[in-house]
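Undergrad: Here it is, the structure in full.
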Amino acid sequence: MLVAGIDVGAATAKAVILNDREVLSYAISPTGFDVVNAANEVIKLALEKANCSMNEIGFIVSTGYARSAVPFANKAVTEIRCHAKGAHFQLPAVRTIIDIGGQDSKVIRVNEKGNVVNFTMNDKCAAGTGRFFEVMAKVLGLDINEMGAVALKSSQPCQISSTCTVFAESEMVSLRAQGKRREDLIGGIHKAAVSRIVTMGKAVGYEREVVLTGGVAKNIGVKKFLEDEIKMEVVIPEEPQITGALGAALLADAELG
Amino acid sequence: MNTTKDLSTYLEERVSELKRLKEDGKKVVGYITGGFMPEELVWAGGAIPVGLNRGGDHEAVLKSTEYIPRFLDAYSRAQIGYWALEEPLYRMVDLFVVPCTDKNISSIADCWEMWTETKVVKLGIPHNKRDHAFKYYLEGLHSLKGEVEKLTGNSIAEDKLRKEVDLANRMRFLLRQISEMRKSERPPISGKDYIKLHHASFHTDRDFMIKSLESLSQELKRKEGKKGPRILLVGSSIAEGDYKVYDLLESAGADVVIEEFSEGMKPYWQEVEDGGDLIEALADGYFRRRIPPPAFFRPATEDRAAFLLKLVKEFSVDGIIWYSTLYRDSYDIGGIHFGRMAQSKDIPFIKIVSEYDDAEHGQLSTRIEAFIESIEER
């Protein structure tokens, strides 16, 4: 029986279709303003890729910040639990998940079954989230997808004292005026954001294997700066952005027994 | 008889009734509800005690910034905000008593002194229970008695005070009895309904409230509620109107089966023991024998931890939610301490911080739902 998981996050919506716990297809699309529309769009894309119709899907679990707004879902589960399930499926040895999404970041501790043992997440402030990187890229006139590679070139990352998105923006303008190198500015941004997330996660602690998920995991600079900060290897799943939707689909599969 | 319905009808009319009583010459003594202000003294003096304890909406917090810096906790700021917003209960007070437990609560007294015409009495609350501290609190009660007598022109006679202590003891007993019904696997009263009883008791007439609690207690004996994850809700202040944690838990299929707060709860774990000097008996019941010892009563922190663990056991608690308002420093520190303690004993624990802001709703709901999911998965 086919099942689906749908993760409607602040920046992107993701859908995964499973057939007997095998990924049949997945899709990622921008959330935009209308979350219901985003959910409809992303499931349509995933169904098209899997060459199947909605009638064939036996159970759908929704997750993400708009989880309760998905009209066609049979059940809503938090992204914390879905990330735990998804990451455990992608890498059974996982014990710590660092998830950096569009507007929030989380550190989740799981046990050998992929059950959540403890977790922490940022408050309503956007520091240490995808949004922080987006704003900084815009200030520096850079494509968000290039940021990580540039950050890796930094030999002396600038000290960015504020991780508040608003204050960091003005700090960036002033550092640029001081003639700092671009890669060091970008390295500094990465260091500041990563340090914020790592400090937040200390409340739950870090244990191997550490997996990085969420859209920001696609930024190769973040992985490197995280590893330097926690002094452990950080593993990135093949498609880190769909971990939550995958976990939701696995929970949908479990519902059908 | 539907007690809950009768109580809410009564509450809707209570403000108008208080206004009428004031017009007839009655005095109203407002106070901050940390459990250190014996209502008995006010009733015995012929005045009406009104606990000021509203919170949960951002409007009052925002309004307070005209009078108080932002970096004080949301609960304390709200107590100035509601006055500024001209909330009727906050505007009918003739005397305002603030038991000063920490700097946040003291700031409420400071602001009322600065900005209002109302006479403010600061009741100092020592942070230990040694003899000199007890004497200090007792002295505060004597002074409060004098203030009430001055306000009303009545002297507080022993027989009047004794009658009021008996009534207050009856109220404490009933609140405790109803709370303990939540030890049942299917609690007959929800956490939200229980905390609302406390909140109602801060501004209802004591005779009416006792009758309501008595009949509710009978009704509840015949009821059975829902079964689900059982939560101990701990923190500094649970304000009247601030029910979001209760609502979020309920929609996640869980509920609060026991709570442990200072502001927002009547002290109901122990009664005042009448014997000898009545003011001393009040000081003994409200201060020396107070259960549980608040976190700032060092070195009583361990006593409090032991008390919380006792609650976990007695009420078959599945997880602890530590709920604090933003910038409530002493409770922030306590939250870290208790969090580690709970986790070391394998009790699921989560800390939730609120600024009474609608924007935090999504975050809080994810945290609470995920917490309940992790409990259910154990």
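Undergrad: Being open to solvent by less than 10 Å² (accessible area, probe 1.4 Å) and among the aliphatic types (A, V, I, L, M) narrows it down to one residue among A:234, A:216; which is it?
TA: The match here is A:234.
Undergrad: Looking only at segment A:69-80, which residues are within 14 Å of another protein chain (Cβ to nearest Cβ) and open to solvent by 50 Å² or more (accessible area, probe 1.4 Å)?
TA: Listed by number, the list holds a single entry, A:75.
Undergrad: Does segment B:322-363 hold any residues that are more than 9 Å from chain A (Cβ to nearest Cβ), outside any loop (DSSP other than H, G, I, E, B) and either farther than 26 Å from residue B:304 by Cα or at pLDDT 95 or above (or both), and which are they?
TA: Those that are more than 9 Å from chain A (Cβ to nearest Cβ), outside any loop (DSSP other than H, G, I, E, B) and either farther than 26 Å from residue B:304 by Cα or at pLDDT 95 or above (or both): B:358, B:361.
Undergrad: Do we find a residue being buried (at least 20 other Cβ atoms within 10 Å of the Cβ), over 17 Å from the mean Cα position of the chain (by Cα) and either of a type in the set (A, V, I, L, M) or not in a helix (DSSP H, G or I) (or both) anywhere in segment B:158-173?
TA: Yes, the conditions are met somewhere in segment B:158-173.
Undergrad: Residues of segment B:271-308 being at pLDDT 90 or above and more than 26 Å from residue B:337 (Cα to Cα), which ones?
TA: B:271, B:272, B:273, B:277, B:278, B:279, B:280, B:281, B:282, B:283, B:284, B:285, listed by residue number.
Undergrad: A further question follows. Can you say whether residue A:87 is more than 9 Å from chain B (Cβ to nearest Cβ) and surrounded by 20 or more Cβ atoms within 10 Å (Cβ to Cβ), as far as the supplied structure shows?
TA: Details: more than 9 Å from chain B (Cβ to nearest Cβ): yes; surrounded by 20 or more Cβ atoms within 10 Å (Cβ to Cβ): yes.
In short, yes.
Undergrad: When residue B:305 is evaluated against the numbered criteria (1) within 14 Å of chain A (Cβ to nearest Cβ); (2) surrounded by fewer than 21 Cβ atoms within 10 Å (Cβ to Cβ); (3) of a type in the set (A, V, I, L, M, F, W, C), which criterion, by number, is the only one it fails?
TA: (1)
Undergrad: In segment B:342-370, which residues are in contact (Cβ under 8 Å) with a residue 60 or more places away in the chain and either in contact with a His (Cβ under 7 Å, 6 or more places away or on another chain) or among the aromatic types (Phe, Trp, Tyr) (or both)?
TA: Of segment B:342-370, the ones in contact (Cβ under 8 Å) with a residue 60 or more places away in the chain are B:352, B:354-358, B:361, B:364-365, B:368-369.
B:356, B:357, B:358, listed by residue number.
Undergrad: If we keep just the residues of segment A:107-119 that are within 16 Å of the chain's Cα centre (by Cα) and at the interface with chain B (Cβ under 9 Å from one of its Cβ atoms), which is farthest from residue A:209 (Cα to Cα)?
TA: Kept after step one, since they are within 16 Å of the chain's Cα centre (by Cα), are these residues of segment A:107-119: A:107-109, A:119.
Now drop any that are not at the interface with chain B (Cβ under 9 Å from one of its Cβ atoms), which leaves A:108, A:119.
Numbers: A:108: 12, A:119: 16 Å.
Per the criteria, the residue is A:119.
Undergrad: With a cut-off of at least 2 residues that are within 29 Å of residue B:321 (Cβ to Cβ) and open to solvent by less than 70 Å² (accessible area, probe 1.4 Å), name the helices (runs of 4 or more DSSP H) lying wholly within segment A:109-200.
TA: On the way: elements: A:130-139, A:147-152, A:165-177.
Counting at least 2 such residues, we get A:130-139.
Undergrad: Please go through segment A:57-89 and pick out each residue that is of a type in the set (S, T, N, Q), in contact with a Ser or Thr (Cβ under 7 Å, 6 or more places away or on another chain) and within 22 Å of residue A:47 (Cα to Cα).
TA: A:63
Undergrad: I'd like to check which helices (runs of 4 or more DSSP H) are fully inside segment B:8-103 and have at least 2 residues that are within 25 Å of residue B:360 (Cα to Cα) and of a type in the set (Ser, Thr, Tyr).
TA: Answer list for segment B:8-103: B:74-84.
Undergrad: Another question about this same structure. For segment B:193-212, what are the residues that are aromatic (Phe, Trp, Tyr) and open to solvent by less than 10 Å² (accessible area, probe 1.4 Å)?
TA: As a first pass, look at segment B:193-212 and keep what is aromatic (Phe, Trp, Tyr): B:194, B:202, B:208.
Those that are aromatic (Phe, Trp, Tyr) and open to solvent by less than 10 Å² (accessible area, probe 1.4 Å): B:194, B:202.
Undergrad: With (1) out of contact with any His (no Cβ under 8 Å at 6 or more places or on another chain); (2) open to solvent by less than 10 Å² (accessible area, probe 1.4 Å); (3) not basic (Lys, Arg) as the list, and residue A:56 as the residue in question, which single condition is left unmet?
TA: Only one criterion is unmet by residue A:56, namely (2).
Undergrad: For the structure I just gave you, tell me whether residue B:272 is in contact with a Gly (Cβ under 6 Å, 6 or more places away or on another chain), away from chain A (no Cβ under 14 Å) and part of a loop (DSSP other than H, G, I, E, B).
TA: yes
Undergrad: Kindly establish whether residue B:43 is crowded, with 23+ Cβ neighbours inside 10 Å, closer than 22 Å to residue B:271 by Cα and not hydroxyl-bearing (Ser, Thr, Tyr).
TA: On the way: crowded, with 23+ Cβ neighbours inside 10 Å: yes; closer than 22 Å to residue B:271 by Cα: yes; not hydroxyl-bearing (Ser, Thr, Tyr): yes.
It is true that residue B:43 is crowded, with 23+ Cβ neighbours inside 10 Å, closer than 22 Å to residue B:271 by Cα and not hydroxyl-bearing (Ser, Thr, Tyr).
Undergrad: Can you confirm whether residue A:205 is open to solvent by less than 70 Å² (accessible area, probe 1.4 Å), in a loop (DSSP other than H, G, I, E, B) and at pLDDT below 90?
TA: Against the criterion (open to solvent by less than 70 Å² (accessible area, probe 1.4 Å), in a loop (DSSP other than H, G, I, E, B) and at pLDDT below 90), residue A:205 does not qualify.
Undergrad: Sticking with this one: Go through (1) over 19 Å from the mean Cα position of the chain (by Cα); (2) open to solvent by 10 Å² or more (accessible area, probe 1.4 Å); (3) farther than 16 Å from residue B:54 by Cβ for residue B:86 and report which single condition fails.
TA: Looking at each condition in turn, residue B:86 falls short on (3).
Undergrad: For residues in segment B:174-192 being in a helix (DSSP H, G or I) and basic (Lys, Arg), which is least open to solvent (accessible area, probe 1.4 Å)?
TA: Per the criteria, the residue is B:182.
Undergrad: Taking the residues in segment A:90-115 that are touching a helix residue (DSSP H, G or I) at 6+ places or on another chain (Cβ under 6 Å) and of a type in the set (S, T, N, Q) as candidates, determine which candidate is farthest from residue A:207 (Cα to Cα).
TA: Among those residues, the one meeting the criterion is A:103.
Undergrad: Could you check segment A:8-22 and list, in sequence order, the residues that are open to solvent by 10 Å² or more (accessible area, probe 1.4 Å), at pLDDT 95 or above and touching a strand residue (DSSP E or B) at 6+ places or on another chain (Cβ under 6 Å)?
TA: If the condition is that a residue be open to solvent by 10 Å² or more (accessible area, probe 1.4 Å), at pLDDT 95 or above and touching a strand residue (DSSP E or B) at 6+ places or on another chain (Cβ under 6 Å), then A:14, A:19 are the ones that fit.
Undergrad: Given the options A:202, A:138, name the one that is closer than 21 Å to residue B:366 by Cβ and either free of Cβ contacts under 8 Å to residues at least 12 places away in the same chain or touching a Lys or Arg at 6+ places or on another chain (Cβ under 7 Å) (or both).
TA: None of the others qualify; the one that does is A:202.
The values are calculated or read from the model by the stated rules, or taken from the named source; none is laboratory data. All of these numbers come straight from a predicted model, not from anything done at the bench. Methodologically, a virtual Cβ is constructed for each residue, glycine included, from the backbone with ideal geometry; neighbour enumeration extends over all protein chains shown. For accessibility, only protein heavy atoms count, side chains too; no ligands or nucleic acids. Shrake-Rupley method; radii C 1.70, N 1.55, O 1.52, S 1.80 Å.
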